[in-house]
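Here's the structure, in structure tokens; my notes come after.
The values are calculated or read from the model by the stated rules, or taken from the named source; none is laboratory data. Note that the structure is a prediction, hence the values are computed from the model and not measured. All Cβ positions, glycine included, derive from the backbone under ideal geometry; neighbour counts span all protein chains shown. Surface accessibility is based on the protein's heavy atoms, side chains included, excluding ligands, DNA and RNA. Shrake-Rupley method; radii C 1.70, N 1.55, O 1.52, S 1.80 Å.
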Amino acid sequence: VLHQGLQELNPPMSSACATAIDHLATYLFMHAEKDWPSMQMLRVHIGQDGTLLPSLTATLFSQLLFGPYSNHWAVTRPLLSLMMADETCFTAYRDHLISTQTGENQMKLNEAFGKLLSDVARNLETSNRDRFGQVRAAALTSLLITVSHSLSLPLPQQLAQFRQTVRG
């Protein structure tokens, strides 16, 4: 349901879904070491569908690039939370996207992803979220839009390919 809502052309709907993902990922990150029944159930649920977090990460990046500009802030917020909750999802998406590109584009994308994470602390404090959302994600969006004109594969096709890779 959250995937479908993120892809809605209706910004309030996709923003609400992004907020729900942000809350879920924040909860995962903030309570990762807890042995609470709620965390145990959440871990089991996520473990049953190993594609859930990677797929949400890929969908959010796709929305950041191709979704309505008015919705960018809402979409960047859960990206940081997901990256903190499960860094491997972001790393896998980044590596997959970069691997599908030509050498020149690989360098540009690698640089863009590096800028995205520079000076971002491993926490979800408001100042860190704001810095990521306003400065870093805007820079990445600008660079990826520039590079997207010469991507080896169209980004929607790369997203589908990444989802297939994750599903294994």
Counted residues, region 1-20 - those being open to solvent by 80 Å² or more (accessible area, probe 1.4 Å) and in a helix (DSSP H, G or I): 3
Leading residue by the ranking (nearest to Ser55 (Cα to Cα)) among those in region 80-100 that are touching a residue at least 60 places away in the same chain (Cβ under 8 Å) and small (Gly, Ala, Ser): Ala92
Any residue that is surrounded by fewer than 16 Cβ atoms within 10 Å (Cβ to Cβ), of a type in the set (Phe, Trp, Tyr), modelled with pLDDT under 90 and within 16 Å of the chain's Cα centre (by Cα) - is there at least one of those in region 59-68? yes
Would you tally the residues in region 25-51 being under 22 Å from Arg122 (Cα atoms) and either open to solvent by 50 Å² or more (accessible area, probe 1.4 Å) or of a type in the set (Phe, Trp, Tyr) (or both)? 7
Yes or no: Thr26 polar (S, T, N, Q), at pLDDT 90 or above, touching a Ser or Thr at 6+ places or on another chain (Cβ under 8 Å) and assigned to a helix (DSSP H, G or I)? yes
Going through region 70-93 in order, the residues found to be within 16 Å of the chain's Cα centre (by Cα) and surrounded by fewer than 20 Cβ atoms within 10 Å (Cβ to Cβ) are His72, Trp73, Glu87, Thr88, Thr91, Ala92
What about Glu104, is it open to solvent by 40 Å² or more (accessible area, probe 1.4 Å) and more than 24 Å from Asn128 (Cα to Cα)? yes
